[in-house]
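Notes follow the structure.
The values are calculated or read from the model by the stated rules, or taken from the named source; none is laboratory data. It should be emphasised that the depicted structure is a prediction, and the values quoted were computed from it without experimental measurement. Every residue, glycine as well, gets a Cβ built from its backbone with ideal geometry; the counts of neighbours run over all protein chains shown.
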Amino acid sequence: MKILYVARKSVFLKGMLECVEHESNEVFVLDLKNRQYIDVNNGHVIQIFDSDMIIKSKVVNYIFRYVAAIHFLLKFRRERWDICHILNLKRENFWMIPFWKRNVKKVIVTVFGKSTYTTSMKRWMFAHVYRYVDLITFTSDSVADEFLAYNPAVAKSKVAIHVLPLSHFGDLVKIVERGCLRDYCEKLGLRNGLVNISCSSTIAKYDQHEKVIYEIKKLRCKESIQLMFLLTYGGDEQRKRRIIDLIERELRGFHYKIFTDFMSNEDISMFRAVTDVFINVRVSDQFAGAMIESLYAGACLISGSWLNYGKLDQIGLTYSKIDSVDRLHEAIEECLKDIYEFKDSKSKVNSALIFENLIKPHLVSPWNQLYIQQCESNLHVAELK
């Protein structure tokens with residue numbers, strides 16, 4: 001099969017590229033943000049729209065994505081693929097879907113962000129192209145149902161529940177079972193003997209870093225905790241620098257570690273293993289891979305009640321919910337009171353539930369089989385488990 005991923009560089013793309021079979025497939029990536037067409041198997045990169053200019057304007061850089069898309073459509077108009085898999089609809093790629101429909105056997109769209117259908121402008125724009133899509137996938141039933149409620153014209157037969165394309169779950173299981181937490185802390189440059197709080201997963205605005213930082217500033221237990229900020233992907237350098245400056249200015253006196261460099265699967269797994277408290281108060285989310293991994297590793301989750309995590313309640317998970325970010329510091333202090341009791345008992349139950357319901361199905365990715373089914377059949381897959 002010849003597979004084309006339309007995606008920006010992200011942990012999701014990395015996971016997909018690692019889980020799909022390369023021996024029997026030709027795999028390509030169209031990255032409009034970086035204006036590149038990549039032959040993954042051979043490591044060959046074509047710069048679609050080359051520009052050596054250093055441009056600080058976000059508007060100009062965004063326009064360049066459309067220019068790159070037009071260049072691509074002209075240059076590769078005779079190219080053919082078996083599967084075109086779009087990892088999240090964006091304003092720079094949704095309008096290309098009719099082209100994909102002419103040039104590929106099946107078009108698959110994976111929706112990660114709820115803003116894809118809750119933002120009125122995006123909902124109106126994207127609604128015009130769903131008829132060209134063969135399959136739309138989500139990470140949870142509740143979000144898929146919500147999408148269908150916002151888009152009643154989309155046939156339910158086009159919607160599937162997919163596993164998260166995070167290929168390092170296998171590494172995580174091994175790291176957690178090994179349990180050498182002191183060694184992991186040392187390797188990550190963390191202090192031993194402190195309660196580790198994971199405060200962010202990405203650079204992106206939806207992690208609400210500013211609000212989280214100001215809430216943490218209110219805590220009265222500086223000496224016993226260690227804050228961990230994961231700023232390795234999901235945003236630009238300007239935003240990353242702004243977050244770092246805010247941390248350094250507002251969290252003086254706290255123990256903290258900011259991770260900005262590339263982290264291997266083993267590094268990420270160690271990071272999850274040493275996390276005692278995981279904060280997830282994103283604006284919106286389906287199931288963050290970081291959250292699932294941290295829960296499996298035994299972390300106490302503090303989450304926003306506005307997030308659609310009904311699945312966690314269904315499987316009987318124990319975690320803390322807050323109705324507003326303004327209550328985050330209270331929730332952290334409450335969590336810290338019972339953290340050792342939680343780690344000794346409830347975290348083990350959580351870990352078992354997470355493994356059975358949300359990790360075990362992901363250890364063997366069915367994506368390759370799905371692609372084969374889509375190419376060989378005109379029938380839509382109702383559900384991918």
Any idea which of (1) closer than 18 Å to TRP81 by Cα; (2) assigned to a helix (DSSP H, G or I) is the one VAL27 doesn't satisfy?
-> (2)
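Okay, residues lined up against (1) at pLDDT below 90; (2) loosely packed, with under 13 Cβ neighbours inside 10 Å; (3) more than 20 Å from PRO366 (Cβ to Cβ); (4) among the polar types (S, T, N, Q):
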| site | (1), (2), (3), (4) |
| --- | --- |
| ALA7 | no, no, no, no |
| LEU13 | yes, no, no, no |
| LEU17 | yes, no, no, no |
| GLN36 | no, no, yes, yes |
| ASN41 | no, yes, yes, yes |
| MET53 | yes, yes, yes, no |
| SER57 | yes, yes, yes, yes |
Taking region 108-156 as the region of interest, how many residues are in a loop (DSSP other than H, G, I, E, B) and within 25 Å of CYS375 (Cα to Cα)?
-> 12
Does region 200-213 contain at least one residue that is surrounded by 22 or more Cβ atoms within 10 Å (Cβ to Cβ), among the hydroxyl-bearing types (Ser, Thr, Tyr) and within 22 Å of GLU333 (Cα to Cα)?
-> yes
Inter-residue pairs, beta-carbon under 9 Å, first free of Cβ contacts under 8 Å to residues at least 12 places away in the same chain and in region 239-258, second β-branched (Val, Ile, Thr) and buried (at least 16 other Cβ atoms within 10 Å of the Cβ), 6+ apart = GLU248/ILE258
Just a yes or no: is a residue in region 137-149 aliphatic (A, V, I, L, M), touching a strand residue (DSSP E or B) at 6+ places or on another chain (Cβ under 6 Å) and within 23 Å of SER284 (Cα to Cα)?
-> yes
Mind listing whichever residues of region 296-351 are more than 24 Å from GLU146 (Cα to Cα), buried (at least 19 other Cβ atoms within 10 Å of the Cβ) and either at pLDDT below 90 or not aliphatic (A, V, I, L, M) (or both)?
-> TYR296, GLY298, CYS300, CYS335, PHE342, SER347, ASN350
Restricting region 95-133 to residues that are within 23 Å of the chain's Cα centre (by Cα) and charged (D, E, K, R), which is surrounded by the most Cβ atoms within 10 Å (Cβ to Cβ)?
-> LYS114
Output the number of the condition that ARG102 fails; it satisfies all remaining conditions of (1) within 16 Å of LEU4 (Cα to Cα); (2) in a loop (DSSP other than H, G, I, E, B).
-> (2)
State all residues of region 229-260 that are under 23 Å from the mean Cα position of the chain (by Cα), assigned to a loop (DSSP other than H, G, I, E, B) and among the hydrophobic types (A, V, I, L, M, F, W, C); if no residue qualifies, say none.
-> LEU231
